[in-house]
Structure formats: structure tokens, C-alpha cells
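Peer 1: Before I ask anything, here is the structure I am working with.
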Ligand SMILES: *Cc1c(COP(=O)(O)O)cnc(C)c1O
């Protein structure tokens with residue numbers, strides 16, 4: 001079929017306020033960085049920028065791991081890259097499953113032919129490290145994997161205890177910190193984490209497309225002792241090391257402009273200061289929670305396990321949750337997320353990630369949600385939410 005370019009609408013995506021489980025709002029400086037002139041992937045000017053990205057990522061992950069870089073792909077690519085390098089057929093692996101992303105890790109491990117032991121809890125609950133120790137059962141285990149911040153449920157796990165339990169049997173500890181990195185503290189070295197992966201579009205204020213990863217010396221040693229090559233060529237860390245390491249040998253063409261964006265996003269983050277960034281997420285989370293509760297709604301996660309950057313709000317009985325999301329999108333250009341897995345239809349997931357985690361967005365969300373719910377005839381307390389949020393901002397400590 002001949003193409004008539006004039007029959008296509010010019011590109012003009014609506015300006016949405018992204019308050020779902022990711023992507024979140026990219027910082028304007030990050031979007032500008034994407035438009036900088038493209039360089040060759042072996043251009044000395046580009047190699048210097050790669051070095052910067054590695055330095056900045058090490059600081060953010062809290063690690064000295066030389067093998068710290070960005071996988072070309074989204075968070076799931078980083079997940080697959082870590083698993084495919086750490087595991088081979090027959091390896092025993094224990095995976096903590098408290099949401100959709102733990103399930104995804106287990107699916108990848110089972111495709112690799114591993115001896116998979118799952119530690120399952122109902123979605124929305126946390127996992128006691130003791131349960132992981134029971135699952136390990138003192139047996140030789142290659143890897144213990146857990147999701148630090150489960151975006152599907154809004155629940156955080158305590159990683160240092162899980163890493164300690166893994167090391168009791170000399171297993172590697174892998175964490176998914178896709179939603180935690182940049183939102184809450186991540187300390188790879190201090191916690192004894194051996195492999196970690198993240199993604200650009202959650203708390204890093206960057207569009208989707210890259211997955212920062214880091215591998216400890218122990219993980220690299222385990223890689224050297226493999227009986228077989230990793231089943232993926234694209235994600236083979238041994239090969240990627242030659243590009244990101246000092247020999248700079250072509251492996252695949254790096255997504256040049258996305259790496260500019262990630263570098264800019266990391267600079268924006270360090271200019272604000274990592275502690276301040278975490279404090280900002282926490283403050284606006286507290287304001288959002290106060291507003292939601294003042295409206296008469298409930299939060300779905302018990303307080304000690306809550307994630308500041310991902311807030312699941314219970315859908316009141318009898319409310320068409322999709323109609324509410326639709327109204328927010330159509331009338332306020334505001335996107336929030338639906339429940340996933342067993343939480344489908346039961347919660348809305350409200351993200352406060354990266355550049356989205358700002359006071360004006362909390363105000364817009366609370367006002368818009370209240371207006372939409374009232375219009376749909378849902379019984380809520382009106383006119384209280386902003387005052388409750390304001391109270392939190394007035395007394396931040
Ligand atoms: C978003 C997310 C992923 C998957 O990342 P994609 O970028 O969608 O591939 C994995 N784990 C967690 C915890 C996530 O939030």
C-alpha cells in the first residue's frame with residue numbers, strides 16, 4: 001500500500017501528568033538531553049560520557065563494583081540480564097514472590113531450567129526473611145532473589161536481612177531495585193547485594209529505555225566459574241564487559257541519546273542531593289496519604305511496609321475503578337495505575353516517582369480525585385484533603 005504521509009496526524013502527544021507506576025514525568029533537562037547530537041558508540045567523546053554514567057551509577061547504587069553499567073533495554077531487560085548471567089540449568093534458586101515482579105523473575109529462572117524454590121505470600125504483604133531461610137533449608141543454593149520495592153503492591157522488603165540469609169549458604173543475592181533506586185535508599189555494598197538492576201522510568205526522572213545494573217566481584221567470580229555460556233548473547237555480561245570495561249570493543253550499538261538522558265537525570269539527582277531526593281519522596285507521600293485518608297479512603301499497605309513512591313489506594317466498594325481512572329485521564333490529563341494480578345479492580349496505584357514527586361502534583365491529584373469521586377456519586381468527605389496535606393507540608397518533621 002502506498003503511504004501518504006499527509007494522511008497521518010502530526011506527532012502531538014497530550015501533556016499528561018504521569019502519576020502511575022511508571023513511566024513517571026521526565027525532568028525537562030533530561031528531555032532536552034535526548035535531542036543533543038548523536039555520536040558514534042566508539043567516539044572518544046561518547047566513551048567519556050559512558051565513564052560519567054558509570055561513576056554516577058556507582059554512587060547511586062552505593063557500590064564500588066567495577067561492573068556497573070546500563071543494559072540496553074527496560075527494567076525487564078536488566079532482570080533478564082542478571083538472571084541469565086547468574087544462573088544456568090540445574091542451579092537451585094530461591095525467589096521471594098510478593099507481587100507481579102517476583103513472579104516475573106521466577107518465570108525467567110524456570111525458563112533457564114533452574115531448580116526453582118518460590119517463597120510466596122499474598123500480594124500486598126511483606127516477606128519475613130525467616131521464610132526465605134526456611135526455603136533455603138541449608139542446601140547449596142546459587143541465588144536468592146527479591147524485589148526491594150514491589151511496584152505491583154506498594155510493599156518494600158528489608159534487603160540487608162535477606163542478603164545475610166543468602167550468604168549463610170554462600171548464595172548470591174539479587175535485588176530488583178527498579179522502583180526503589182532514586183526513591184528510597186539503596187546500598188548495594190553495605191547490604192551485601194551481589195546483583196541489582198533498575199530502570200530509568202521510575203524514580204530517575206528519565207524516559208524508559210535503559211536498565212542500570214551492578215554486579216559484585218562475587219557475582220563476576222561466579223560468572224567465571226560457569227559450566228556453560230549464558231544462554232543470551234545480547235545480555236552476556238562477559239561480552240558487555242569488553243565494551244563498558246577498558247578495552248571498548250564493539251558489542252552492540254549503545255542507545256547513545258538515551259545514555260545522554262540517563263547521565264543528565266543522574267546529574268539532576270545529585271545536584272539536588274540524594275538525601276534530599278529521598279526526603280522529598282517521603283514528604284509528598286505523607287501529604288498524599290494524609291489527603292487520601294481525610295477523604296475517607298484507605299491505603300492498602302500496612303504502614304511499616306509502605307513505599308513513598310507507590311501508593312495503593314483501596315477502591316471503595318461498588319465503585320467502577322476504571323471509570324475513575326478514565327475521568328482523571330480525560331478531564332485532568334492525569335494518569336494513575338490500576339491494580340495488577342490479584343489486586344486488579346481492588347486498588348488504584350498512585351505514583352510519586354522522581355520528577356513527579358512534587359507538591360503541585362499531590363494537590364492536583366487530591367483535587368481531581370475528590371471532584372471525580374463526588375461527581376460519580378461516591379460517598380467521601382469533601383473539602384478536607386488539601387487541608388490535611390497542607391498540615392503535613394507545614395510540619396515536615
Ligand atoms: C517496572 C518494573 C519492572 C519492569 O520494568 P520494565 O521497564 O517495565 O521492563 C520490574 N520490576 C519492578 C519492581 C518494576 O516496577
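Peer 1: Quick one: which of 45, 59, 36, 81 is within 16 Å of the ligand (Cβ to nearest atom) and modelled with pLDDT of 95 or more?
Peer 2: Working: 45 fails: within 16 Å of the ligand (Cβ to nearest atom); 59 fails: within 16 Å of the ligand (Cβ to nearest atom); 36 fails: within 16 Å of the ligand (Cβ to nearest atom).
Checking each option against the conditions leaves just 81.
Peer 1: Checking residue 276 against (1) closer than 21 Å to residue 335 by Cα; (2) free of Cβ contacts under 8 Å to residues at least 12 places away in the same chain, which single condition isn't satisfied?
Peer 2: For residue 276, the failing item is (1).
Peer 1: Oh, and also: Tell me which residues, restricted to the stretch 73-98, are in contact with a helix residue (DSSP H, G or I) (Cβ under 8 Å, 6 or more places away or on another chain) and assigned to a strand (DSSP E or B).
Peer 2: Of everything in the stretch 73-98, those that are in contact with a helix residue (DSSP H, G or I) (Cβ under 8 Å, 6 or more places away or on another chain) and assigned to a strand (DSSP E or B) turn out to be 93, 94, 95, 96, 97.
Peer 1: Could you tell me whether residue 112 is more than 16 Å from the ligand (Cβ to nearest atom), surrounded by 18 or more Cβ atoms within 10 Å (Cβ to Cβ), at pLDDT 95 or above and closer than 30 Å to residue 340 by Cβ? Let's see the steps before the verdict.
Peer 2: On the way: more than 16 Å from the ligand (Cβ to nearest atom): yes; surrounded by 18 or more Cβ atoms within 10 Å (Cβ to Cβ): yes; at pLDDT 95 or above: yes; closer than 30 Å to residue 340 by Cβ: yes.
So residue 112 passes the test.
Peer 1: Kindly list the number of the only condition in (1) in contact with a strand residue (DSSP E or B) (Cβ under 9 Å, 6 or more places away or on another chain); (2) without any contact (Cβ under 8 Å) to a residue 40 or more places away in the chain that fails for residue 133.
Peer 2: Status for residue 133: all satisfied but (1).
Peer 1: Looking only at the stretch 197-224, filter to residues that are in a strand (DSSP E or B) and over 11 Å from the mean Cα position of the chain (by Cα); which one of those is nearest to the ligand (Cβ to nearest atom)?
Peer 2: Ranking the qualifying residues of the stretch 197-224, first place goes to 210.
Peer 1: In the stretch 251-269, is there at least one residue being surrounded by fewer than 21 Cβ atoms within 10 Å (Cβ to Cβ), more than 19 Å from residue 207 (Cβ to Cβ) and not assigned by TED's automatic domain parsing to the domain that holds residue 362?
Peer 2: For the stretch 251-269, residues surrounded by fewer than 21 Cβ atoms within 10 Å (Cβ to Cβ), more than 19 Å from residue 207 (Cβ to Cβ) and not assigned by TED's automatic domain parsing to the domain that holds residue 362: present.
Peer 1: Select from the stretch 235-263 the residues that are without any contact (Cβ under 8 Å) to a residue 24 or more places away in the chain and assigned to a loop (DSSP other than H, G, I, E, B) and list them in ascending order.
Peer 2: 246, 247, 249, 251
Peer 1: From (1) within 16 Å of the ligand (Cβ to nearest atom); (2) closer than 22 Å to residue 305 by Cα; (3) surrounded by fewer than 19 Cβ atoms within 10 Å (Cβ to Cβ), pick out the condition that doesn't hold for residue 98.
Peer 2: Answer for residue 98: the failing condition is (3).
The values are calculated or read from the model by the stated rules, or taken from the named source; none is laboratory data. Keep in mind that what you see is a predicted model, and the values were worked out from it rather than measured. Here the Cβ is made from the backbone with ideal geometry for all residues, glycine too, and neighbour counts use every protein chain on show.
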